[in-house]
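The values are calculated or read from the model by the stated rules, or taken from the named source; none is laboratory data. Just so it is clear, the structure is predicted and the values come from calculations on it, not from any experiment. No Cβ is skipped: glycine too gets one built from the backbone with ideal geometry, and neighbour counts run over all protein chains shown. The protein model used for the area step is the full one, side chains on, heavy atoms only, and it has no ligands, DNA or RNA in it. Shrake-Rupley method; radii C 1.70, N 1.55, O 1.52, S 1.80 Å.
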Amino acid sequence: MRHPVRTVNRLAWRDTRLSEGTRAIPEEAALALTYNGGTYAVMMGTPQNLEDFAVGFSLSEGIVRSPEEIASLEIVDLDDGIELRMWLAEEKAARLSDRRRHIAGPTGCGLCGIDSIAEAVRPAAVVARGRSFGPREIMTAMASLPPLQPVNIETRAAHAAALWTPAAGIVALREDVGRHNALDKLAGALAQLKAPASEGMVLLTSRVSVEMVQKTAAIGAPVMVAVSAPTALAVKMAEAAGITLVAVARSDGFEIFTHPDRIASAVVAQGTAHVA
């Protein structure tokens, strides 16, 4: 399997002079997801943790409800990309005929090729209440991410998605050049570990778009925390899904956009962000 990081030659202009050197950069490959011999989607992503990606993508797209519904999974390295070759039971495969996309998505594109607006903004699953978290737990969880991101440490060019619980800390973390891919990989890893997400927080090193909320709801996490801001539609979706959306999480604090009652602190104002 391909290495997720490649070292390339480069020229650098600094301090008024040009110098030669090298830089580690993330690998990017075309990842074709096929079911029963037919291509469903082609995404660009990091060639790492591909079994997790295939399983997580299948769960997020609603193609399967559990990893056990994938009868077989083969990762085939081709000259121009990598095929994630899956076989489903015939009744599961039949459901794909109305949803097959045959598209090439740019890096980490979460909705590319969907031909229905209703499908793109489909309601997210409503999450269970789960547990509450204190501000210190949120800060601790986010601070634990950087040392566990080997691809980003080398390249400074990869996103991460992780699940953190008070009992275990980081349960699983996955990286990818695409933020949607990183979250799909996390979903696949958690499903295969059979790690319940109801007692944890999904952590993201990216902004929060509506697809990220949909994927987090499918995982079943009651709280999601991101380093960047959410989109307006993401806030609406999180409100409807019952997810506590925490964003702009930096070393000096964070902002709460929906369902603040899960953040156990007397200083948290009881209100939500309402988007017209």
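Annotations
- A single entry from 269, 226, 241 fulfils the requirement of being at pLDDT below 95 and either of a type in the set (A, V, I, L, M) or under 20 Å from residue 163 (Cβ atoms) (or both): 269.
- Of everything listed in (1) free of Cβ contacts under 8 Å to residues at least 24 places away in the same chain; (2) in a loop (DSSP other than H, G, I, E, B), the single unmet condition for residue 63 is (1).
- Considering the stretch 238-269, and only residues there that are within 16 Å of the chain's Cα centre (by Cα) and not in a loop (DSSP other than H, G, I, E, B), the residue that is surrounded by the most Cβ atoms within 10 Å (Cβ to Cβ) turns out to be 238.
- Any hit, the stretch 6-16, residues being open to solvent by 30 Å² or more (accessible area, probe 1.4 Å), closer than 23 Å to residue 153 by Cα and acidic (Asp, Glu): no
- Residues that are crowded, with 24+ Cβ neighbours inside 10 Å and touching a Ser or Thr at 6+ places or on another chain (Cβ under 6 Å), drawn from the stretch 223-237: 223, 224, 234
- Members of the stretch 129-156 found to be under 17 Å from residue 264 (Cβ atoms) and small (Gly, Ala, Ser), listed by number: 130, 132, 134, 141
- The stretch 178-210, residues that are over 17 Å from residue 132 (Cα atoms) and either surrounded by fewer than 24 Cβ atoms within 10 Å (Cβ to Cβ) or of a type in the set (Ser, Thr, Tyr) (or both): 189, 191, 192, 193, 194, 195, 205, 206, 207, 209, 210
- Residue match in the stretch 105-113 (condition: farther than 26 Å from residue 72 by Cα, modelled with pLDDT of 95 or more and not in a helix (DSSP H, G or I)): no
- Set 58, 66: member being open to solvent by less than 40 Å² (accessible area, probe 1.4 Å), within 13 Å of residue 92 (Cα to Cα) and under 15 Å from the mean Cα position of the chain (by Cα): 58
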